[in-house]
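Report on the following structure.
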Amino acid sequence: MSVVTGGGLDLTTEQALWLLREMLRIRRVEEALARSYAQGLIPGACHTYVGQEAIAVGVCAHLRSDDVVFSTHRGHGHALAKGAPAREVMAELFGKATGVSKGRGGSMHLFVPEVGLMGTTGIVGPNILQATGAGYSFQLMKTDQVSVAFFGDGAVNNGAFHEGVNMAAIWALPVVFVCENNQFATEVPFDYATRNTDVAERARAYGIPGVTVDGNDVLAVSEAAQAAVERARSGGGPSLVEGRTYRTRPHAEGMRDGGYRTVEEIDAWKQRDPIADLEVRLLDRGIATQEQIDAVRQEIEEVVADGLEFAKTSPYPEPDTAALHIYGAS
Amino acid sequence: MVTAVQNGTETGMRELTYTTAAREALDEEMERNPRIFVVGEGIGERGGNFNTTLGLYEKYGPERLRDTPIVERGFIGMCTGAAMTGTRPVVDFMFLDFALDAFGEMVNQIAKIQYMSSGRLEMPIVLRGCIGIGGSSATHHSGNYYPIFAHLPGFRVVVPTTPRDAKGMLKTALRGSDPVLFLEHKLLLNAKGEVPPVEADELIPFGTAAIRRPGTDATVVAIGAMVDKSVQAAEQLSQEGVEIEVLDLRSIAPMDEETILASVAKTGRLLVVDEDFQPCGMGAEISAVVMEKAFDELDAPVQRLNGVFTPVPYSPVLENAVTLSREQILQAMRDLMAE
Ligand SMILES: Cc1ncc(C[n+]2csc(CCOP(=O)(O)OP(=O)(O)O)c2C)c(N)n1
Ligand SMILES: [Mg+2]
């Protein structure tokens, strides 16, 4: 499988700052959520996306708001990159009425269909099938929308991966399968869970293109995603994109992060920070100035401060809304 | 919505089989709504293992009659995503036993997505296929399982027993926004019955039981293939001057408590006849509802008659031994009257 470096991307300043802004938005929201978790403000699970921001952002850079994303348990980043408001995502984790799922979902059940975020999920696997089904809808309705499944290395040994990718392949559905290979499923190393740790290579088994990219290089991800999204949108069928990355926080907040990996390894990956990396390259290439970068940073500080305040001060849902929306209108 | 009048003399009625009537419903709705598509194994050119889609492939083509690989979890999960994004899938799973491979998709996804999305997504998916004991189908092709799904918030579960209901309830399923488990007892597929003309466009609402035989002395609530057997047993008892009212539950979820309670208020006695297993089953549910809401109306304890609590065996002799017969139902009716 070829490895894309992202070197050849012609970025406008506006596009570059969007990538930076979105990665920073995710990073700072996650950090604020992690602190809130430690303060006991988040009643349930909180799986952060810290370290993996380049993948959601590099992919969503090529999606329209009517394209759809089916995300995972580690889905805050996908939600934000797809356009979910930070304050409503944060409020959801706080269990508030103003959250994206009105407090009935939490971290693993974020739904913002208005911007194409078709759900994060508490079950590993089904989102791959659902993304395939959205591709089926788009093909049947003859729209040019694209569907994306994000999933971890842990999902690729699940039957849903095999069944979903195969169906998308045989019917040439407009789907992009994005594997975020962060090398662990909870504490299980990927090379324990499979004999072949090259995820992109599996594409060959289904007769579709597969590509491995440096998942900490947003330009590389973006370049690979662009090709995959265009291919899907133009009727060329599905592709598999594997981003090699690493989560630099524990599997979930409050969990231990030792015993299965070393501090040295974590630190080494922290040095490969996708955000710092992009900043350096933008400055080097003269695509953005330090002032522009500082302005983005300042903007994000304000977004997160506002989101946190909103999450803290929003009301809890009314108890009598607990059993609403079990059935539809008709 | 139109309420079914089961014994009326209506004009233009046609005699159709159950399967033909259901197929007519599917055809009419597919014609009406280009977003309906069907997936399953052999439902394309072949027309379905049970002729559920016979002739539709020629009319609607491969995108709307989509033959799948043997991936029950896969295509049910796929159709979940399709239903979330504007189309209306019909999953033709042949036997409900097969769909169990997608149990997690059904329970965790299909039943919960409207809720999880705070009502911003709909889940208009129809899951249809065979249930029931018969034809030496043996243990992997005879399951009923409906109480499992009725137990869960989010599902509609129906077991139509007549061609008219098969058509009218499938049409209802294909117009609503909820996931529907549409279960067809295999012994009823070739049953014939009167079906209103196409122009009638009859939709039979969920949550309504049908009175198949009026009576005054005891109420029998029956499900699926047990309905007709119960009516026959009731006819026999009628010759002895005992008039049993037979209700066809037909909608498992939501369940028509009102009709059951009204009947029990009239008769004072209740027997639930269900081929499916007894523990935690429909009889337990119905009996609890009646105990809670009509205890004072009861002249005798509620009785349940169920299939034997075992996986379904193959040999006709063994299969017979676990299936409820008309004689057993008759005996249960006599026992109830003797209480
Ligand atoms: C079907 C299922 N089994 C087990 C779990 C528990 N679980 C939650 S996250 C996780 C690991 C997932 O690893 P991966 O897919 O690599 O994603 P990552 O956490 O690394 O982002 C597991 C086993 C689950 N949520 N769903
Ligand atoms: Mg992982």
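Using only the alpha carbons of chain B, what is the convex hull's orientation-averaged projected area in square nanometres? Before the final figure, lay out the partial values.
On the way: hull surface 67.6 nm².
Over every viewing direction, the Cα hull of chain B projects on average to 16.9 nm².
For chain A, what percent of Cα pairs sit more than 31 Å apart?
On the way: 15456 of 54285 pairs.
Cα-Cα pairs in chain A separated by more than 31 Å: 28 percent.
Before rounding to the nearest 500, sum -39500 (n - 2.57) across all DSSP H runs of length at least 4 in chain A and divide by the residue total; then give [θ] at 222 nm in deg cm²/dmol. Intermediate values should be presented prior to the final figure.
Working: 12 runs with 143 residues, N = 330.
When only DSSP H runs of four or more count, the value is -13500 deg cm²/dmol.
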Checklist outcome for this item: Per the C-alpha gyration tensor (a ≥ b ≥ c, the square roots of its eigenvalues), region A:204-273 is rounded if a/c is under 1.5, else prolate if a/b beats b/c, else oblate; here it's prolate
Next on the checklist: Return the Rg/Rh ratio of the protein assembly as shown with Cα-based radii and a Kirkwood Rh.
Outcome noted: 1.05
Next on the checklist: For the full complex of protein chains and a 1.4 angstrom probe, list A:320, B:27, B:296, A:66 by accessible area with the highest value first.
Outcome noted: B:296, A:320, A:66, B:27
Next on the checklist: Distance between the C-alpha centers of region B:261-296 and region A:74-99? Whole Å please.
Outcome noted: 46
Checklist entry - Distance from the Cα centre of region A:162-227 to that of region A:256-330, in angstrom? => result 24
Checklist entry - Heavy-atom accessible area per residue, region A:2-311, 1.4 Å probe: how many Å²? => result 35
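Working from the alpha-carbon coordinates of region B:15-200, get Rg over Rh, Rh being the Kirkwood radius. Mind dumping the intermediate values first?
On the way: Rg = 15.2 Å, Rh = 16.3 Å.
Ratio value, two decimals: 0.94.
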Checklist entry - Hey, which of these cross-link pairs are over 18 Å Cα-Cα: B:266/B:293; A:312/B:112; B:229/B:266? => result A:312/B:112; B:229/B:266
Item to check | Reciprocal of mean inverse Cα separation for region B:210-338 (Kirkwood radius, Å) | outcome: 14.5
Checklist entry - Given springs between every Cα pair under 10 Å in a Gaussian network model of chain A, which of A:272, A:261, A:21 has the largest fluctuation? => result A:261
Checklist outcome for this item: Interface residues of region A:287-330, defined as losing at least 50 Å² of accessible area versus the chain alone with a 1.4 Å probe, are A:325, A:326, A:327, A:330
Next on the checklist: Below 8 Å between Cα atoms, with a sequence gap of 6+, how large is the relative contact order for chain B in percent?
Outcome noted: 17
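Quick one: how many lysine pairs does region A:2-311 have with C-alpha atoms less than 30 Å apart and a gap of 8 or more or different chains? Give me the count, please. Present the calculation step by step, with values, prior to reporting the outcome.
Numbers: A:82/A:96; A:82/A:102; A:82/A:142; A:82/A:270.
Step by step, the pairs that qualify in region A:2-311 add up to 4.
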Checklist entry - Which of the trypsin sites (Lys or Arg not before Pro) found in region A:119-208 are in a DSSP loop and have at most 10 neighbouring Cβ atoms, other than their own, within 10 Å? => result A:142, A:195
Checklist outcome for this item: If one compares the long axis through the Cα atoms of helix B:72-84 with the longest principal axis of the Cα atoms of chain B, the angle in degrees, nearest 10, works out at 80
Next on the checklist: Between helix B:257-267 and chain B, what is the angle of the helix's C-alpha long axis to the longest principal axis, kept within 0 to 90° and rounded to the nearest 10?
Outcome noted: 20
Checklist outcome for this item: Once normalised by the length of region B:210-338, the mean sequence separation of its alpha carbon contacts under 8 Å that are 6 or more apart gives a contact order in percent of 29
Item to check | Cα centroid separation - region B:174-229 against region B:13-65, whole Å | outcome: 20
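Suppose only helical runs count, i.e. DSSP H with n ≥ 4. What mean residue ellipticity at 222 nm does that imply for chain B under -39500 (n - 2.57) per run, divided by all residues and rounded to the nearest 500 deg cm²/dmol? Don't skip to the answer; put the middle values down first.
Working: 12 runs with 116 residues, N = 339.
That comes out to -10000 deg cm²/dmol.
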Checklist entry - Which whole-number percent is the relative contact order of region B:15-200 (Cα, under 8 Å, 6+ apart)? => result 27
Next on the checklist: Let me make sure I get this right: for region B:134-230, a, b and c are the square roots of the gyration tensor eigenvalues over alpha carbons, sorted descending. Under 1.5 in a/c it's rounded, otherwise prolate if a/b > b/c, else oblate. Which is it?
Outcome noted: rounded
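The values are calculated or read from the model by the stated rules, or taken from the named source; none is laboratory data. Source: prediction; values computed, not measured. Here the Cβ is made from the backbone with ideal geometry for all residues, glycine too, and neighbour counts use every protein chain on show. Keep in mind that these areas ignore ligands, DNA and RNA; they rest on the heavy atoms of the full protein, side chains included. Shrake-Rupley method; radii C 1.70, N 1.55, O 1.52, S 1.80 Å.
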